[in-house]
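The values are calculated or read from the model by the stated rules, or taken from the named source; none is laboratory data. Here the structure is a predicted model, which means the values were calculated and not measured. Positions of Cβ are generated from backbone atoms using ideal geometry, with glycine treated the same way; all protein chains shown enter the neighbour counts. These accessible areas exclude ligands, DNA and RNA; they are computed on the full protein's heavy atoms, side chains included. Shrake-Rupley method; radii C 1.70, N 1.55, O 1.52, S 1.80 Å.
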Amino acid sequence: MIEEFETLDDTGDSVQLDVFDSGSDDPGTTIELHRLRRRWSDAMLGTFVAEVQSFEIPEFLAQPIPTELVPQELLFGRPRIRDTSSEDPGFSVSLSGDFDVGEQFWRELAQRSQWVIEILAVQDPPAVEYAIAPTIGERERLPKARAERWTYPHPDPDSGPFFCARIFVRGTRRIPRPLQAFARNASGIRLFMEGFRVLPYGERGDDWLKLDADYTRRREPFELGGLEGQALSAAVDGETFYRLANNSYYGGVFLTDAGAPTLEMLVNREGFIPEESFDTLTKLLRRGIDLSVRLRAAAENASRTESTDRRAPSTPLGRVDRTLKNALNTIASARSAYPRGLGEEIEKIDHDLNEASTNIQGAIQVLSEARSEQRTLRVAASVGTQLSAFIHEMNTLLGQARSVYAFSERVLEQSGMPWTVRESFSELRDAIAVLVEQLERQASFLTDVVGSNARRRRSRLEVREHVKGALKLLESRIERRTQEVEIEVADGLRTPPMFGSELLGILVNLLSNAVKAAGEEGAIHIKGGLEDKAVILEVSNTGESIELAEAERWFRPFESTTTEVDEVLGQGMGLGLPIVRRIVAEYGGVAEFVPAAGRFATTIRIRIPERSR
C-alpha cells in the first residue's frame with residue numbers, strides 16, 4: 001500500500017502513471033449551483049469563496065502590489081510561482097455569478113492591511129533580502145513609519161531553499177462583518193509548490209511558524225542576529241509586545257522544484273518532511289516576521305513620543321514636566337557659569353545644586369508614572385460614564401426576559417398540546433430561566449459596583465462572602481471549563497474599612513484572570529487570612545506560568561496577561577492588574593506575583609494592612 005512509504009520517491013514501481021486524451025479542447029470541471037433553497041449570507045459566501053480560492057494562489061498575491069496600497073515596489077513585482085522550464089500549465093479556478101467576489105474581498109482586505117513583507121532568497125549571488133513597508137493608510141496613522149530593507153547571507157547557498165514570499169500584516173484592526181468570514185478563512189501564511197497549495201500550512205490551528213505560541217507567551221529574548229551595520233540592529237523598547245497571532249497575517253510563500261530541490265514532500269502530499277531544508281525555510285520566514293515586529297514597534301514608539309512631546313505643554317502634567325526640565329537646564333547653566341576653586345562656599349553651592357538636580361530628576365520620573373496612570377484612569381472613566389446607561393439597558397432586558405419566561409409558563413399550563421411540542425417548549429422555558437438567572441447576576445453585580453450605595457460608606461467587609469459573590473458572577477464560565485475552585489478563606493476574615501465596590505473590583509479582576517489562565521479542567525485556589533496585622537489574599541491557578549523576574553510588566557496599563565478572546569470574559573485590555581494595584585495601594589497595601597506552590601503555575605498575593613494609612 002502507498003501509505004507504507006514515507007515519501008513519493010520511496011514508492012518506486014508501486015505507482016504507475018497512465019496518460020490519456022480527454023478528447024476535449026477545453027478540459028476542466030464546471031460546477032453550477034442554482035435554485036438554492038435560501039439565499040447565502042455574507043458569512044457563507046465569504047467562507048465558500050475563501051475555501052475554493054485556497055486551491056490555487058490568489059490572483060491578488062500573484063500580481064504587483066497596487067500603488068494605492070504601497071506606492072513603491074519592494075523586492076519584486078510579480079512573484080515567481082512556477083519553474084519556467086516546466087511544461088505543466090498548472091490549473092486555475094474561475095468563479096462567476098454571485099461567487100465572482102473573490103478579488104473584491106481580497107482588495108477590501110488589503111485596504112485594511114497595515115504593513116507588507118516581501119522576502120527574496122536567491123542563489124546567485126546567495127543572499128536573502130527582506131523588505132518591509134507600511135501601507136499608505138498606516139503612514140497616515142503613524143507619520144514616523146517608514147520602509148526598510150535588509151540583506152543576509154543565505155545559510156545554505158548550495159541547497160537552498162530559494163523562494164519568494166509576500167505577506168500582508170493586518171494587525172488588530174477591525175474589519176466589517178461582511179468581510180469577517182472571508183478574512184477568517186483567508187488568514188495564515190500558506191505554502192505553494194509550483195503554484196499548488198501545500199497543506200496544512202496556513203490552515204486555521206496550524207501554527208507551523210510558531211506565531212501563536214510566541215504571541216501567547218510574549219516569548220523573550222527577541223533575537224535578530226546579523227543586523228550589524230543595518231537598520232534596527234538594536235532591540236526596540238517593548239518590541240515583544242507587538243507580536244501578532246497567525247490570524248493577523250495572510251500571504252504566500254512561493255516555492256519551485258528547481259529552487260527547493262531538497263524539500264521532500266510526504267507521501268500523502270500533506271506537508272514536507274521536517275528535515276534541515278524545511279527548518280531553514282521556517283527560520284528565514286520567521287526572521288522576516290520578527291523584523292516586521294521590530295519595525296512596527298519602532299514606528300509606534302517614535303510616533304507616540306512625537307505625539308506626547310507635541311501635547312505635553314497643553315496638559316497640567318505636561319506643563320509641570322516642561323517647567324522641571326527648564327529648571328534642570330537653568331541649574332546646568334548656572335553651574336557652568338561660576339568659576340571653580342573659590343573656596344568652601346562655592347563647593348557648598350555646587351553640592352546644593354547637585355542635590356536639587358537629583359530631586360528634580362526624581363520628580364520628572366514620578367510625573368512620567370503619573371502620566372501613565374492618568375492614561376489608565378481616562379480609559380476607566382470613559383467606560384464608567386457608559387455604565388449607568390448600560391445598567392438601565394440590562395434591567396430592561398431582565399424585565400423582558402422575565403416576561404417571556406412567565407409567558408412560556410402560561411403556555412405550558414394549557415391542555416391539549418402535543419407532547420413533542422410540549423417537550424420542545426419546556427426546553428425553551430428552561431433556557432429562558434438560565435438567561436434570566438444570568439441577567440440577574442450581572443445586574444446585581446453592576447449595581448453593587450457602581451450603584452448609589454457603592455461608594456457611600458466604607459466598612460469592614462467579610463472577605464469570604466465577597467469571594468463567593470465574585471465567583472457567582474463567573475460561575476457559568478467556570479462550569480463550562482469544568483474548572484475546580486477551592487476557597488480557603490477563614491470565616492470572619494474582614495478587610496480594613498473600604499468600599500464594597502473596591503473589594504469586588506479586586507476579586508473580579510483577579511478571578512477572571514485566573515479563570516482565563518487556568519484553561520480547560522484547570523484549578524483555582526483562593527486563600528485568605530491574617531499575617532503580621534495585615535489581610536492576605538492569594539489567588540492561584542494552573543496553566544501557563546509567569547516569569548517572576550518579568551512579572552512587573554503585567555501591572556503596567558494595557559499589557560494584558562491574557563491573549564485568548566473569551567466569549568464571556570473577553571480578551572482583556574490590560575487594565576485589571578493596574579486597577580487592582582492602585583486600589584490596594586490606596587490602603588497602604590501591596591499587590592504582586594509570588595512563587596506558586598504545588599500544582600499551581602501562578603499566584604498573585606494581595607496584602608492590605610488592618611490599619612490603612
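In terms of accessible area, using a 1.4 Å probe and ignoring ligands and nucleic acids, THR135, THR67 rank largest first as THR67, THR135.
Taking Cβ atoms as reference points and 10 Å as the exclusive limit, the residues near ARG607 contribute a net charge of -3, counting Lys and Arg as +1 and Asp and Glu as -1. Counting only heavy atoms of the protein chains and using a 1.4 Å probe, ILE487 has close to 50 Å² of accessible surface.
Annotation: amide H of ALA523 within the under-5 Å range of GLU484, THR542, sequence separation 5 or more or interchain, hydrogens built in the peptide plane. Computed from phi, the 3J(HN,Hα) profile of region 153-170 under the Karplus parametrisation 6.51, -1.76, 1.60 (θ = phi - 60°) reads x, 5, x, 9, x, 8, 9, x, x, 10, 6, 10, 9, 9, 10, 9, 10, 8 Hz, with x in place of Gly and Pro.
Of interest is the spacing of the C-alpha centroids, which for region 112-151 and region 221-300 amounts to 13 Å.
When the listed pairs LYS472/LYS527; LYS210/LYS516; LYS144/LYS210; LYS472/LYS533 are checked against a 24 Å cut-off, the alpha-carbon distance exceeds it for LYS144/LYS210; LYS472/LYS533.
Surface composition of region 479-526: carbon and sulfur make up 44 percent of the accessible area, probe 1.4 Å.
Heavy-atom accessible surface of GLU592, to the nearest 10 Å², is about 70 Å², with a 1.4 Å probe and all protein chains retained. For region 578-585, backbone phi angles converted through the Karplus equation (6.51, -1.76, 1.60; θ = phi - 60°) give residue-by-residue couplings of x, 5, 4, 4, 5, 5, 5, 5 Hz, Gly and Pro being listed as x.
Residue by residue, region 69-77 carries 3J(HN,Hα) couplings of 9, 10, x, 10, 6, 8, 10, 7, x Hz when phi is fed to the Karplus relation 6.51 cos²θ - 1.76 cosθ + 1.60 (θ = phi - 60°); x denotes Gly or Pro.
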